[in-house]
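Just so it is clear, none of the values below were taken in a lab; they were calculated from the coordinates. Just so you know, these numbers come straight off a predicted model, no measurement behind them. Cβ placement follows ideal geometry from the backbone for every residue including glycine, while neighbour counts extend to all protein chains displayed.
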Amino acid sequence: MEEEKESSHTDLFNFEVSLQELLGRAIKTELEEAEVYRNLHEKYLPETTKATIERFVVQEEEHEEKLRSTFDDFFPGEEIPLPERSGIELPENISEKTTPKEIIKKAIEGERDAEEFYRELRDEFEDKEVRRLLGFLASNEREHYEILRVELNKL
């Protein structure tokens with residue numbers, strides 16, 4: 001059973017794969033982050049925190065769309081290879097009993113991992129527009145990280 005778990009886990013920082021797979025991993029990262037924020041939004045939170053989390057959902061969805069568009073530009077007509085999991089540290093099973101603090105702590109780790117991933121992924125591309133997009137995404141993930149730390153302290 002342990003072997004099965006390992007085989008479905010993606011090593012986020014393994015760049016010895018195709019650009020298609022790297023972009024697929026980036027898209028999966030955004031999908032997973034958006035889902036975590038949707039789950040967090042359902043929890044009892046102060047209104048200002050709830051508004052911040054709602055904004056994060058929208059931003060993660062926008063990031064996903066930009067990455068899908070980039071994939072289509074580079075690989076028109078090809079199917080995006082989405083891994084089962086992206087490899088970022090996010091809460092896997094969010095239940096009614098999972099506290100907002102627990103979710104935010106994991107989301108902070110995920111944002112940190114995503115920032116580092118986008119910064120390193122940027123080096124895999126020569127195209128200036130793609131490098132600019134990945135730099136933008138890394139900066140945005142860093143911003144989410146910093147905001148989540150403030151929100152965590154409010155709880």
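Order by neighbour count: Val17, Val150, fewest other Cβ atoms within 10 Å first, most last. Spell out each step's value before the answer.
Details: Val17 15, Val150 10.
Least to most surrounded, the residues fall as Val150, Val17.
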Margin query: Using only the Cα atoms of region 80-155, what are the Rg and Dmax in Å?
Written below: 14.5, 46
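Among the complete DSSP H segments of the chain, which ones combine at least 18 Å of alpha-carbon extent along their axis with a mean Kyte-Doolittle hydropathy of -1.0 or more?
On the way: long enough: 19-41 (33 Å, -0.51); 47-74 (41 Å, -1.13); 100-122 (32 Å, -1.27); 128-154 (39 Å, -0.72).
Membrane-span-like by this criterion, though nothing is claimed about a membrane: 19-41, 128-154.
Counting other Cβ atoms within 10 Å of each Cβ, which GluC sites (Glu not before Pro) in region 18-61 have at most 15 and sit in a DSSP loop? Each step should come with its number before you reach the end.
Values: sites: Glu21, Glu30, Glu32, Glu33, Glu35, Glu42, Glu47, Glu54, Glu60, Glu61; in loops: Glu42.
In loop regions of region 18-61 (DSSP not H, G, I, E or B), the sparsely surrounded GluC sites (Glu not before Pro) are Glu42.
Find the relative contact order for region 35-139 and round it to a whole percent, using C-alpha pairs within less than 8 Å whose residues are 6+ positions apart. Kindly include the intermediate steps, with their values, before the conclusion.
Working: 64 pairs, mean separation 26.2, N = 105.
Here the relative contact order equals 25 percent.
Counting other Cβ atoms within 10 Å, which trypsin sites (Lys or Arg not before Pro) in region 74-155 have at most 15 and lie in a DSSP loop?
Details: sites: Arg85, Lys97, Lys101, Lys105, Lys106, Arg112, Arg119, Arg122, Lys128, Arg131, Arg132, Arg142, Arg149, Lys154; in loops: Arg85, Lys97.
Sites meeting the loop and neighbour criteria: Lys97.
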Next item on the list: Please report the orientation-averaged projected area of the chain, defined via the convex hull of its C-alpha atoms, in nm².
Entry: 9.5 nm²
Checklist line | Candidates Leu45, Leu67, Leu137, ranked by Gaussian network fluctuation over the chain, Cα under 10 Å, top entry | finding: Leu45
Item checked: Mean ellipticity per residue at 222 nm, deg cm²/dmol - from DSSP H runs of n ≥ 4 across the chain, formula -39500 (n - 2.57) -> -24000 deg cm²/dmol
